[in-house]
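The values are calculated or read from the model by the stated rules, or taken from the named source; none is laboratory data. What you are looking at is a predicted structure, and each value in this text was computed from that prediction instead of being measured. Virtual Cβ from ideal backbone geometry, glycine too; neighbours counted across all protein chains shown. Note: accessible area is taken over every heavy atom of the protein model, side chains too, but ligands, DNA and RNA are not part of it. Shrake-Rupley method; radii C 1.70, N 1.55, O 1.52, S 1.80 Å.
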Amino acid sequence: MRAIELADVGRAYGERVALSGVTLAVEEGETLAVFGANGAGKTTLLRILASLLRPHRGEARVLGHVLPKEGWAVRGKVGFLGHDPLLYRDLTARENLEFHARLHKVPFARIDELLEAVGLARRADDPVHTFSRGMIQRTAVARAVLHAPELLLLDEPLAGLDPGAAALVEPLISGGTRVVISHDPTFRGDLTLGLRDGRVAFCERDVTTDDVRALYA
Amino acid sequence: MFGRGLKTLSLITVALIVGAFAMVFFYAPNDADQGFIQKIFYLHVPLAIVALFGFVAGGVYGIKYLRTGDRLHDLRSYVAIHLSLILAVGALVTGSIWARGSWGVWWTWDEPTLVSFLIVFLLYACYQPLRFSIEDPERQARYAAVFAIIAGAFVPLNFMAVRMAESLVHPRVLSTTGGSMPSDMRITFLVSTVAMACLFITLWKYELASKHATFRLRALKRRLADGEDAWTPNPRRSAAPTL
Amino acid sequence: MPALPLDEAGKYVAAAYLVFLALVLIYVAIMAGRLARVERDLGEITDLLEQRTAEAEDDERETVPR
Amino acid sequence: MRSAVGALLRKDLLLQRRTPEAVPAMVLFSIGTFVLFHFALDEREVTGNLASGILWVTLLFAAVLGINRLFVSEREEGGFDGFLLAPVDRTSMLVAKAILLFLFLSVVEVFVLAAFTILLLGPSPWGPLPELILVLALANAGIAVIGTLVAALAIQTRARDLIVPLIALPLSVPLVIAAARACAPLLTEGGAGALEARWLAILGLYDLVFGLLAYAIFDFLLEE
């Protein structure tokens with residue numbers, strides 16, 4: 001089964017067309033790397049895949065379900081890590097995770113496991129607003145993978161992380177089917193998508209670093 | 001497509017309005033209590049009733065929009081509420097004039113129709129600002145529909161509450177529509193109401209046709225200008241729906 | 001409540017009906033403004049179309065002699 | 001749905017306990033308004049219609065403050081996205097927020113009623129307390145439902161602070177009519193008058209109509 005199938009997907013915000021004519025397919029277990037300058041439509045694509053945005057045209061299938069009609073079936077099966085950590089600043093890391101665990105009906109044992117894995121076990125009961133940027137990002141990663149999602153949608157998952165923290169987080173977010181937005185031109189997935197001004201610049205299995213760099217020129 | 005039958009409808013409306021006003025002044029007798037001033041009744045109450053139904057119709061089209069996602073329903077809802085607002089202003093002003101003539105004051109809290117209309121008017125006056133403060137056209141349509149449905153349900157509830165709250169001390173004509181109103185007055189009132197309803201429908205269709213034509217024209221212009229697909233949205237932000 | 005005499009009441013009744021007339025006329029005026037804009041838009045579209053056809057003819061003329 | 005409502009409520013109450021924002025502000029605002037009414041009306045004591053009117057107008061304005069804050073944490077800290085990503089019924093957000101607003105109002109009313117009795121009210125409200133609580137509960141339910149709807153409607157607009165009072169005040173007119181008229185005889189000097197059933201009927205009808213309506217259309221306010 002294909003994890004993601006997009007056919008001519010497009011989306012506009014009012015007068016501005018953010019994304020148009022995206023066609024691609026990602027097999028199960030593969031990683032799709034997405035590149036593009038700021039405002040090229042990367043975040044819009046990610047939000048459409050997470051069923052947070054309704055595509056205005058084209059057909060989108062995620063995990064075999066048509067969006068937006070079957071969005072309810074996709075929800076809970078994707079792990080979404082966007083720019084925004086989606087954490088309440090006045091709650092502790094543990095309370096935030098407990099809230100999401102209740103929504104996703106995940107046993108609390110998983111929370112301790114994850115807090116240990118991202119190296120936050122000692123700070124778990126401090127409010128998130130006392131955290132540094134890297135710690136917030138680590139908590140957000142824990143939140144995104146809390147319910148063991150079938151598909152991970154990640155927007156620069158390693159942003160703000162030092163090499164040590166990145167090494168902690170890496171195993172949590174690799175292995176399964178992924179869509180990863182990155183600004184590191186050396187990052188490689190099984191399939192690489194380049195976006196420019198909301199349109200597909202390339203979508204291939206073999207790309208060179210120069211191809212990627214050309215997007216930002 | 002909205003213009004179909006508009007001409008016939010307009011002619012019927014003109015005939016009905018002229019007929020209704022002629023009946024008001026030449027057929028209906030002067031009211032026994034209030035005398036000539038009661039002639040305002042044939043204007044004020046139909047305005048109020050039609051505006052009321054217009055608001056509720058806006059809510060019904062809001063429901064249709066949410067069910068189907070068809071932007072034309074949003075347009076219908078918007079135009080119905082927009083026109084009803086204008087009629088509500090008319091109902092308020094004529095009611096106020098009636099109060100001045102009858103009781104010597106510009107405003108009276110003893111006339112539930114008038115008080116309810118003020119409240120309903122205040123609520124619907126927020127409709128345009130609400131639309132205007134939402135940028136994304138799709139969200140604008142959706143939220144406007146939700147507002148139209150809430151407000152549409154609010155209209156009858158509000159009337160009930162206000163009617164119960166006001167002590168009915170003044171001689172009120174509307175309460176006599178059922179029984180003791182002379183039949184020639186009742187017929188005049190009915191004709192006036194039908195005429196007003198026809199006027200509303202005519203203007204509604206007229207504005208729909210106008211708005212629809214404007215959108216299609218703009219879409220055509222955009223296509224000619226830069227060869228873009230027709231789905232590129234309208235570059236001007238406004239409270240009015242876009243297609 | 002004593003009924004107002006006709007000459008007194010007539011003013012108010014006339015005022016009320018005039019309000020109604022004024023509302024309808026203001027509406028007509030607003031729609032007239034919209035119609036003017038539609039007319040202008042139509043003019044622009046016609047110009048654009050003529051420009052296009054003129055360009056197309058120029059292209060043809062250039063390619064034919066060769 | 002019950003577990004989602006529970007999760008949302010628990011989270012909101014926790015947030016409220018950690019950084020109490022809405023409730024203290026609503027209480028202080030109400031007491032300030034009573035002081036203003038004292039000077040504006042130049043009355044040491046109020047009874048009957050006047051007392052009931054002051055109480056309800058004050059409570060309604062205080063409620064608007066709470067309504068304005070209801071979804072702020074969701075919007076500013078990504079709560080909407082986090083909630084929308086979870087496999088739960090979207091209406092649970094409405095239920096949780098309406099219950100939260102109901103609880104806010106109830107807590108506020110405990111303090112406000114006490115302050116009102118001390119500062120302005122002539123007759124003692126303790127005799128007709130059960131009837132008073134019945135009216136308050138019915139009116140709170142209405143304000144909670146309509147407040148949640150208006151708050152969700154306004155939170156995504158640019159003029160949120162303006163839209164909330166502009167829409168919420170006219171919408172709550174029937175509530176205020178019924179609640180104020182129902183309370184007036186209860187707050188009258190020299191023995192409480194009887195509670196009129198028709199006002200309770202209006203309050204109940206209002207709660208029912210808008211409760212069902214909110215349940216049916218709330219989903220559309222959360223999409224995207």
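Whole-Hz ³J(HN,Hα) for each residue in region D:195-200, computed from phi via Karplus 6.51 cos²θ - 1.76 cosθ + 1.60 with θ = phi - 60°, x for glycine and proline: what do you get?
Rounded to whole hertz, the list is 7, 8, 5, 5, 5, 5.
Relative to the isolated chain, which residues of region B:67-98 have their accessible area cut by 30 Å² or more in the presence of all protein chains (1.4 Å probe, heavy atoms, no ligands or nucleic acids)?
In region B:67-98, residues shielded by partner chains: B:86, B:97.
In percent, what relative contact order does chain B have, based on Cα pairs under 8 Å that are 6 or more apart in sequence?
Here the relative contact order equals 34 percent.
Give, ordered by residue number, each residue of region D:59-77 whose 1.4 Å probe accessible area is reduced by a minimum of 40 Å² on adding the remaining protein chains to the chain alone.
Listed in order, they are D:77.
For the pair B and C, how large is the buried accessible area, both sides, in square angstrom to the nearest 100, if the probe is 1.4 Å?
Protein heavy atoms only, the B-C interface buries about 3000 Å².
Need the per-residue list for region D:185-215: every residue with at least 10 Å² less accessible surface in the complex of protein chains than in the chain by itself, probe 1.4 Å, sorted by number.
When all protein chains are present, D:198, D:199, D:202, D:205, D:206, D:209, D:210, D:213 each give up 10 Å² or more of accessible surface.
Which order do the peptides D:169-175, C:28-34, A:115-121, D:6-12 come out in when sorted by mean C-beta neighbours inside 10 angstrom, highest first?
Ranking, from highest mean packing down: D:169-175, D:6-12, A:115-121, C:28-34.
Please tell me the relative contact order of chain A in percent, rounded to the nearest whole number, where contacts are Cα pairs under 8 Å and at least six residues apart.
With pairs under 8 Å counted, the relative contact order is 28 percent.
Measure nothing but the geometry: give the 0 to 90° angle between the long axis through the Cα atoms of B:41-68 and the longest principal axis through the Cα atoms of chain B, rounded to 10°.
30 degrees
Taking the Cα centre of the protein assembly as shown as origin and charging only Cβ (+1 Lys, Arg; -1 Asp, Glu), how large is the dipole, in debye to the nearest 20?
940 debye
Is it possible to state the helix-based mean residue ellipticity at 222 nm for chain D, with each DSSP H run of 4+ residues giving -39500 (n - 2.57), the sum divided by total residues, to the nearest 500 deg cm²/dmol? What is it?
-26500 deg cm²/dmol
Could you tell me what percent of the accessible area of region D:2-222 is made up of carbon and sulfur, with a 1.4 Å probe and every protein chain present?
Reported share for carbon and sulfur atoms: 67 percent.
Could you work out which residue, out of A:175, A:76, A:41, moves most in a Gaussian network model of chain A, that is, has the largest mean-square fluctuation with Cα springs under 10 Å?
A:175
Kindly compute the accessible surface that chains A and B hide from a 1.4 Å probe when together, both sides summed, and give it to the nearest 100 Å².
Counting protein atoms only, the buried area is about 800 Å².
Got a number for carbon plus sulfur as a percent of chain A's accessible area, 1.4 Å probe?
C and S atoms contribute 48 percent here.
List the equivalent ellipsoid semi-axes of chain A in whole Å, largest first, each obtained as the square root of 5λ for an eigenvalue λ of the Cα gyration tensor.
Three semi-axes, in Å: 29, 20, 16.
In the protein assembly as shown, what is the count of Lys pairs whose alpha carbons are under 21 Å apart, counting only pairs at least 8 residues apart or on separate chains?
Value for the protein assembly as shown: 13.
Translational diffusion coefficient of region B:33-130 at 4 °C, 1.567 mPa s, Stokes-Einstein with Kirkwood Rh over Cα pairs, in µm²/s as a whole number.
90 µm²/s
Considering every residue in A:140-153, what mean count of other chain Cβ atoms within 10 Å of its Cβ is obtained?
Average neighbour count from other chains, rounded to a whole number: 1.
Work out the length of the dipole vector of chain A about its Cα centre, built from +1 on the beta-carbon of each Lys and Arg and -1 on the beta-carbon of each Asp and Glu, and round it to the nearest 20 debye.
600 debye
Hey, if you put +1 on the Cβ of every Lys and Arg and -1 on every Asp and Glu Cβ in region D:2-222, which of D:200, D:28, D:93 ends up farthest toward the positive end of that dipole?
So the residue we want is D:93.
Considering only C-alpha atoms, what is the centroid distance from region B:20-86 to region D:1-72, in Å?
One Cα centre to the other: 38 Å.
Pick out which of A:36, A:64, A:194 has the largest mean-square fluctuation in a Gaussian network model of chain A, springs linking Cα atoms closer than 10 Å.
Its mean-square fluctuation being the largest, the pick is A:64.
For residue D:89 and residue D:10 in the same chain, what is the full-extension length gain: residue separation times 0.36 nm, less their Cα-Cα distance, in nm?
Length difference between fully extended and current span is 26.7 nm.
Find the eigenvalues of the gyration tensor of the Cα atoms of chain D, then list the square roots of 5 times those eigenvalues as equivalent ellipsoid semi-axes, largest first, in whole angstrom.
After scaling each eigenvalue by five and taking roots: 32, 18, 15 Å.
Enter the buried accessible area of the B/D pair, total of both sides, probe 1.4 Å, in Å² rounded to the nearest 100.
In total, chains B and D hide about 2800 Å² from solvent.
For the protein assembly as shown, what is the accessible area per residue in Å², given a 1.4 Å probe and the full set of protein chains?
Result: 43 Å² of accessible area for each residue.
Using a 1.4 Å probe on the protein chains only, how many percent of the accessible area of chain B belongs to carbon and sulfur?
66 percent
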